[in-house]
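Structure, as structure tokens:
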Amino acid sequence: MVTLTAPEALAPAATPAVLDLADAPVRELNQSLHNAVDGQSWTVTNPEGKHSLAVGINADVSVTVEGHAGYYAAGMHQKGDVTINGNAGVGLAENIMSGTVHVKGDASQSAAATGHGGLVVIDGNAGARCGISMKGVDIVVGGNIGHMSAFMAQAGRLVVCGDAGDALGDSIYEARIYVQGTVASLGADCIEKPLREEHLAELAELLAAAGRPDNPADFKRYGSARNLYHFHVDNSTAY
Amino acid sequence: MCGIAALQLRNPSLHPQMGALLSSMLCQIVDRGPDSAGLAVYNTPGLVSPGTSTLSLLGKDQGRTTTAITSGLAAMLPADAGATVKVVGDTTLVSAAVGTDLLVKAVSETLPGSTIIGRGEHVAVMKSVGHPMQIAAEHGLEAMAGSQGLSHTRMATESAVTAGGSHPFSVADDLCLVHNGSFSNHATVRRSLKREGVVFDSENDTEVGARYVASRLTQGDTLEEALVNLGNVLDGFYTLVVTTADSMAVVRDPIACKPAIIAETDDYVAMASEYRALAALPGIDNARIFEPEPGKVYTWSL
């Protein structure tokens, strides 16, 4: 699991290079980022909802997108930090491995799906299926999340400062979910669990990493009841 | 996939730009469905006029000259109906100062092989096979004024790539429906509608949705009620946009499989499959932008 670092503790980035997507194709942006070396920083202007912005970054670089991103922004993120000063479309930070992705606005469906590691922060709301099949990523959502979030979540932490939609944590394995607001309904094999000291500490660390002022004690914890780990015919209707 | 772009202009000063704005939205959703496209425009001068019914016919060539069609219609309509026939791109528009039912009857007898793809006092519907931007250009969308507009780029899944299978489906006066997704039980619903006497033009699953909504509206449902009922009857995954003479509605299936994003300002409400279709709209930076909730019907009226 990733070691979390508060944003203010990060080393200051060098003067950012500006790439204007009104003049350059997304391919040029991504190629530049793939050629980048540790410590560089980039500002991307006029994204206008274009797809696949800043995908597959594999260096410790800092990228700021000034505006709304389309589908699959910061997908397959390996290293570094991506900040989107706007909304993000479907599949934000899909399969993120490490590093951080921060969306200042809302994110659409399937944010951080299958993420293996790293931290994804969404200041606004996230749509349906947030953290679906998450495998180690940490996700902090400032607002609400949609239905079927953390479906088949295997590892990692999902923190929701607002409300969660229906079927939260359906068929969840070992990921941990913290929700401050209401949960419309819990999915199969997902239950509320006690919030012990180690969870309060973990939650405090995640909230701090996301730069959020929320009080960990106001959250509830959810996780797997572990009834569906092994197939049992009596459970056949529960899957 | 499939791409949807819909725009309702609240500020009349934007009406002259309706076609240009819709065209800019449309060009961003071409990738989502490049095989065919359809357009619906409301209150567009030159295409429709108040007090006059307009039928949109599929195809620019109806097998007869426009003069012959006009004469044929004039012979079947009251003397003061003033029937006119106009070819716009790949669409033939027939207008007369009579009710739509009478005009439909006259067209059906004058042009027995024609397919009516739009009807009403306010709407003109245009659809064709080919690249969506080419279709928009051929119909002159860019220069069209209007109060609201709807466009759809299709990636055919449930029926053949034909102009008749393109969206929107407009099966009642001033009613249009476009769809991204598919209905899994459309054959069952189609059979039950047929038993009620509903006649279909295509094998397209979306036409079933449009005919269902039209049927519910006839039975007294509001647009919102009709779409709630549609959610109870039609199975599948969908984002739908439905427009009437003065309303626009958006609804997604309860699992929200298909994308949708809405931008609302004092001047307009715009809906598209993706944000990038909205990016060039005026004042978008200050718009309220949100994704419609699954299964919830949103309506706006002019």
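The values are calculated or read from the model by the stated rules, or taken from the named source; none is laboratory data. Every value quoted in this text rests on a predicted model; they were computed, and no experiment measured them. Note that each Cβ is placed from the backbone with ideal geometry, even for glycine, and that neighbours are counted across all protein chains shown.
Descriptive notes on the structure:
- When residues of segment A:152-164 are limited to those that are surrounded by fewer than 24 Cβ atoms within 10 Å (Cβ to Cβ) and not acidic (D, E), the one farthest from the other protein chains (Cβ to nearest Cβ): A:A155
- The one condition in (1) among the charged types (D, E, K, R); (2) within 24 Å of A:Q109 (Cβ to Cβ); (3) surrounded by 16 or more Cβ atoms within 10 Å (Cβ to Cβ) that A:E174 fails to fulfil: (3)
- Selection of segment A:113-140 for residues being in a strand (DSSP E or B) and either within 14 Å of another protein chain (Cβ to nearest Cβ) or among the aromatic types (F, W, Y) (or both) yields A:I122, A:A126.
- Members of segment B:155-179 found to be part of a loop (DSSP other than H, G, I, E, B) and within 23 Å of B:E121 (Cα to Cα), listed by number: B:S166, B:H167, B:P168, B:D173, B:D174
- Members of segment B:55-83 found to be loosely packed, with under 14 Cβ neighbours inside 10 Å and of a type in the set (V, I, T), listed by number: B:T65, B:T67
- Out of B:A172, B:A160, B:A187, sole residue that is closer than 21 Å to B:R32 by Cβ and surrounded by fewer than 24 Cβ atoms within 10 Å (Cβ to Cβ): B:A160
- Cβ pairs under 6 Å, 6+ apart, first in segment B:75-92 and closer than 17 Å to B:T65 by Cβ, second modelled with pLDDT of 95 or more and assigned to a strand (DSSP E or B): B:A83/B:A96; B:T84/B:S95; B:V85/B:V94; B:K86/B:L93; B:T91/B:S56; B:T91/B:M126; B:T92/B:L57
- Summed over segment B:256-270, residues that are within 20 Å of B:P12 (Cβ to Cβ) and either in contact with a helix residue (DSSP H, G or I) (Cβ under 9 Å, 6 or more places away or on another chain) or at pLDDT below 95 (or both) total 5.
- Screening A:L206, A:L200, A:L158, A:L228 for residues that are more than 19 Å from the chain's Cα centre (by Cα) and outside any loop (DSSP other than H, G, I, E, B) leaves exactly one candidate, A:L200.
- Each residue in segment B:66-103 was checked for being small (G, A, S) and under 25 Å from the mean Cα position of the chain (by Cα), and 6 of them qualify.
- Taking each residue of segment B:198-217 that is β-branched (V, I, T) and looking for partners that are at pLDDT below 95 and in a helix (DSSP H, G or I) with beta-carbon atoms closer than 9 Å, six or more apart or interchain, yields B:T206/B:G165.
- Looking only at residues of segment B:232-244 that are touching a strand residue (DSSP E or B) at 6+ places or on another chain (Cβ under 7 Å) and outside any strand (DSSP E or B), we find that the one that is farthest from B:K296 (Cα to Cα) is B:T244.
- Where A:A93 falls short, out of the listed (1) within 14 Å of chain B (Cβ to nearest Cβ); (2) farther than 19 Å from A:A17 by Cβ; (3) crowded, with 24+ Cβ neighbours inside 10 Å: (1)
- Sub-9 Å Cβ pairs linking a first residue in segment B:27-38 that is more than 13 Å from chain A (Cβ to nearest Cβ) and hydroxyl-bearing (S, T, Y) to a second residue that is buried (at least 17 other Cβ atoms within 10 Å of the Cβ) and assigned to a strand (DSSP E or B), at least 6 apart or interchain, are B:S36/B:K127; B:S36/B:S128; B:S36/B:V129; B:S36/B:H152; B:S36/B:T153; B:S36/B:R154, ordered by first then second residue.
- The strands (runs of 3 or more DSSP E) falling completely within segment B:263-302 that include 2 or more residues that are within 17 Å of B:C176 (Cβ to Cβ) and more than 11 Å from chain A (Cβ to nearest Cβ) map to B:268-272, B:298-301.
- Segment B:108-150 - residue that is modelled with pLDDT of 95 or more, assigned to a strand (DSSP E or B) and among the small types (G, A, S) and, of those, surrounded by the fewest Cβ atoms within 10 Å (Cβ to Cβ): B:G120
- Total residues in segment A:96-106, condition buried (at least 21 other Cβ atoms within 10 Å of the Cβ) and within 13 Å of chain B (Cβ to nearest Cβ): 2
- Failed item in (1) at pLDDT 95 or above; (2) surrounded by fewer than 24 Cβ atoms within 10 Å (Cβ to Cβ), with B:Y212 passing the rest: (2)
- Here is the figure for segment B:253-262: residues that are at the interface with chain A (Cβ under 10 Å from one of its Cβ atoms) and part of a strand (DSSP E or B) total 1.
- Segment A:45-90, residues that are among the hydrophobic types (A, V, I, L, M, F, W, C), assigned to a strand (DSSP E or B) and within 14 Å of chain B (Cβ to nearest Cβ): A:V65, A:I84, A:A88
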